[in-house]
Amino acid sequence: MASIKKNRLKDEVTFRRFLPLVSITLLGVFLLMFLLRINSNFATPSSDDFSQVLTNRSHARHMLSLPKQTEFSLQLEKRNQMPPRNVDLYPSLDKGHITFVLYVHNRPQYLKVAVDSLSRVVGINETLLIVSHDGYFEEMNKIVEGIRFCQVKQIFAPYSPHVFPNSFPGVSPTDCKEKDDATKKHCKGTPDQYGNHRSPKIVSLKHHWWWMMNTVWDGLKETKDHSGHILFIEEDHYIYPNAYRNLQILTELKPQKCPHCYAANLAPCDVNARGEGWDSLIAERMGNVGYTFNRTVWRKIHRKTTEFCFFDDYNWDITMWATVYPSFGNPVFTLRGPRTSAVHFGKCGLHQGQGEAKACIDNGMVNFQVEEIDTVANIHSDWEVRVFEHQPGYKAGFKGWGGWGDKRDHQLCLTFAQMYHS
């Protein structure tokens, strides 16, 4: 009997010792379940759960003070959650593929040429093509819907000025125009450094690029965990057949051949150049035709959100050259081959080139010839690297061309950088 009491007492003491540990463990489990329940509101939903997506985004808009969306804007955001097309034709992507991102405005004649060139790129069927639209234009949409040569996903900027015909970020009835005095006219807006008020068609260029970058790297289910490089091209870029194979070689060689290079380019930074034809690789200042970089570089760019969003220039590329890249502290070099694999063919900018008479392409044709050497990979791994330093172009100290002085544009730009980090 005494032995039983002694054992019972011993068990009670042991239980008391473990009771705090058990309580803490249970409390931790309940806390973890609570946090997971909260975080699930911001998790990326399955592509068919559109209503949940819009509910989550509505909450995010409220938290981030994004513009109140129109019905059309909400429809575009819903379309952005759709899975890629042509998965039945190309059920899997190549391991280590480089994603293509083609960003477009409203120049269908240009887009037809660009898409035709992409259809001839060797290996394009191994990767994913994302087409980012600045708003929605039916003719542009139809061209992209006709693509059958690879997996393709369309995304539409839901806050494009083109989607908001009567309110910011589009044209608001109370907005100041040109050089209006806000005090005298009782209008809304802050002018740029030259005294000009915002033009929605112009500011949309920078807004679209920044929204696209944040969405592709941090928002899309298909790419937010992509660990490799992503290539960015525009609707007035003609891509050579060897572009993808050359790009695969460049991104593989970059860590050894040019460890200080931030990116790889398909074309020289001088858009009128076609390359030197040397038996060597080229390291030069970052170009804006066919540029590719990885998530490490994107994180570096994203940390410079303030510099990007407050620099008074409506051009995203000039903003990068004049303020973002210089803020890195070291020269921003990119690696490329001695022959171009992409060409900028557009003769007009902004949102021109919508009709046959305004195509800005000589006789509707592109006036350059793709030689046999440009149809296959023509970069060799044993080549040395020639570094081009002190090249001409926009640099730190340039004040900007303006067009980006409105505080509302600054705020929207900052908000785009926070969308997927709330």
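The values are calculated or read from the model by the stated rules, or taken from the named source; none is laboratory data. Just so we're clear, the structure is a prediction, and the values are computed from it rather than from any experiment. Because the Cβ atoms are built from the backbone with ideal geometry, glycine has one as well, and the counts that use them run over all protein chains shown. Accessible surface is based on the protein model in full, side chains and every heavy atom, while ligands, DNA and RNA are left aside. Shrake-Rupley method; radii C 1.70, N 1.55, O 1.52, S 1.80 Å.
Overview of results
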item: Index of the failed condition, GLN411 passing every other in (1) crowded, with 17+ Cβ neighbours inside 10 Å; (2) under 30 Å from THR174 (Cα atoms); result: (1)
item: Complete set of residues in the stretch 273-326 that are on the phi > 0 side of the Ramachandran plot and modelled with pLDDT under 95; result: GLY275, GLY277
item: Among the residues listed as PHE156, PHE149, PHE168, PHE164, the single one being aromatic (Phe, Trp, Tyr), under 27 Å from TYR136 (Cα atoms), touching a strand residue (DSSP E or B) at 6+ places or on another chain (Cβ under 6 Å) and surrounded by 13 or more Cβ atoms within 10 Å (Cβ to Cβ); result: PHE156
item: Residue under evaluation ILE379, criteria (1) open to solvent by 60 Å² or more (accessible area, probe 1.4 Å); (2) modelled with pLDDT of 90 or more, criterion not met; result: (1)
item: Residue check, ASN265 open to solvent by less than 10 Å² (accessible area, probe 1.4 Å), of a type in the set (S, T, N, Q) and at pLDDT 95 or above; result: yes
item: Residues of the stretch 396-408 classified as assigned to a loop (DSSP other than H, G, I, E, B) and either surrounded by fewer than 14 Cβ atoms within 10 Å (Cβ to Cβ) or over 27 Å from the mean Cα position of the chain (by Cα) (or both), total; result: 3
item: Test: residue in the stretch 100-117 that is assigned to a helix (DSSP H, G or I), modelled with pLDDT of 75 or more, among the basic types (Lys, Arg) and over 20 Å from the mean Cα position of the chain (by Cα); result: yes
item: Contacts under 7 angstrom Cβ, first residue in the stretch 238-256 being more than 24 Å from VAL104 (Cα to Cα), partner buried (at least 21 other Cβ atoms within 10 Å of the Cβ) and among the polar types (S, T, N, Q), 6 or more apart; result: THR251/THR292
item: Total residues in the stretch 250-295, condition part of a helix (DSSP H, G or I) and within 19 Å of VAL101 (Cα to Cα); result: 3
item: Check on TYR136, surrounded by fewer than 21 Cβ atoms within 10 Å (Cβ to Cβ) and within 20 Å of LYS78 (Cα to Cα); result: yes
